[in-house]
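Here the structure comes first, spelled out in structure tokens, and everything after it is commentary.
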Amino acid sequence: MKKLYMILAAVAAMTFSAQAQTADKIFVGDYENPAETYNGSYFDMAPTNFYLAHTGAQMIFTPDLLADMNGKQDVQIVGLYFKFNDQSFEEIARDYKIYVQQIDETEFAVNEEGVKQFFTFDNLVAEDALAIDLLEYYDEDFEIGSAIQAVDYTPGKSLLVTIVFDAQDDDNCTMGSDYAPFYTSGIRGKAMTYTSNTVSFLDYAQGNDFPDATATLGCGSNVELPVTLIQYTYDNGDQTGFSEINEGKTVAGVRYYNMAGQEMAQPNGVTIQVTTYTDGTTSSAKVMK
């Protein structure tokens with residue numbers, strides 16, 4: 001499987017954690033062996049469909065889906081990835097923004113007319129430009145996702161993830177009206193989507209029709225969650241501190257790993273730094289650059 005990462009362009013100045021951090025992950029749906037894609041309307045797929053120039057999606061990851069983080073201290077969400085099933089030969093270019101926030105709700109509200117309602121959203125955690133030559137990934141699954149600026153998570157809360165994709169021009173869209181490239185988890189009704197060839201979801205969210213989601217507006221209101229990988233870190237209970245333990249030791253080497261456990265040449269985004277000392281001991285710390 002090939003992987004394509006949308007990497008956050010800038011996070012924060014490099015800092016070192018005073019507590020040992022452990023990286024872990026949660027899968028929503030069968031991420032390793034996905035078998036289903038949604039074959040309904042083109043605006044009933046999250047996090048995007050690439051068919052139209054402008055899309056938006058809101059996804060609720062409920063406490064039961066995030067239960068593996070319960071009982072852990074200082075939990076932070078640091079990455080979101082989605083499994084893509086290529087069905088096209090085209091090149092796609094998009095600007096994207098990702099917003100993540102905690103909410104108490106586990107469902108989308110419904111107004112008096114029976115129309116589901118988008119949530120007001122804030123807390124931008126990633127933005128960048130994405131260009132994919134789908135011919136390169138023909139007939140292969142791959143990942144679209146992003147390391148994000150760390151978001152604190154409180155056990156028992158839901159996570160609201162809002163993702164906005166905008167083409168640089170309104171003509172940059174795929175061919176065909178049933179283009180469903182993202183695998184789905186089978187968890188229905190936890191996502192809502194918006195599509196347009198002329199108006200960004202960000203502009204729509206400022207309009208009089210927001211927060212309504214209707215088919216006449218190009219919205220899908222009963223959408224399945226996409227197969228998702230959520231990466232997070234937490235305090236593993238070692239309170240001794242990175243600098244206190246290793247004060248006066250001679251460093252033999254330093255290695256960097258991303259949240260998926262892959263070694264990196266240099267820290268980029270949220271990274272785990274593993275330092276080896278001449279006495280054979282090692283220490284780790286979460287690094288942000």
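The values are calculated or read from the model by the stated rules, or taken from the named source; none is laboratory data. Since we're looking at a predicted model, the values are computed, not measured. Because the Cβ atoms are built from the backbone with ideal geometry, glycine has one as well, and the counts that use them run over all protein chains shown.
A few notes on this one:
- Count of residues meeting criterion [at positive phi and not charged (D, E, K, R)] in segment 121-144: 1
- Being in the same structural domain as Gly29 (by TED's automatic domain parsing), hydrophobic (A, V, I, L, M, F, W, C), part of a strand (DSSP E or B) and in contact with a Leu (Cβ under 6 Å, 6 or more places away or on another chain) is a condition met by at least one residue of segment 103-111.
- When Gly156, Gly176 are checked against the criterion of being modelled with pLDDT of 90 or more and not in a strand (DSSP E or B), a single residue qualifies: Gly156.
- Within segment 49-64, if we keep just the residues that are among the polar types (S, T, N, Q) and modelled with pLDDT of 90 or more, the residue that is farthest from Asp212 (Cα to Cα) turns out to be Thr62.
Residues are listed down the side, and each one gets a yes or a no for (1) touching a strand residue (DSSP E or B) at 6+ places or on another chain (Cβ under 9 Å); (2) not assigned by TED's automatic domain parsing to the domain that holds Ile148; (3) not in a strand (DSSP E or B):
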{"position": "Tyr31", "(1), (2), (3)": "yes, no, yes"}
{"position": "Ala46", "(1), (2), (3)": "yes, no, yes"}
{"position": "Phe50", "(1), (2), (3)": "yes, no, yes"}
{"position": "Gly56", "(1), (2), (3)": "yes, no, no"}
{"position": "Met59", "(1), (2), (3)": "yes, no, no"}
{"position": "Gly71", "(1), (2), (3)": "no, no, yes"}
{"position": "Asp74", "(1), (2), (3)": "yes, no, no"}
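- Answer residue from segment 198-219, given it is assigned to a loop (DSSP other than H, G, I, E, B) and polar (S, T, N, Q) and is surrounded by the fewest Cβ atoms within 10 Å (Cβ to Cβ) among those: Asn208
- When every residue of segment 65-74 is checked against the conditions, none turns out to be within 14 Å of the chain's Cα centre (by Cα) and modelled with pLDDT under 95.
- Residue among Phe82, Phe121 that alone is in contact (Cβ under 8 Å) with a residue 24 or more places away in the chain, in a loop (DSSP other than H, G, I, E, B), of a type in the set (A, V, I, L, M, F, W, C) and surrounded by 15 or more Cβ atoms within 10 Å (Cβ to Cβ): Phe121
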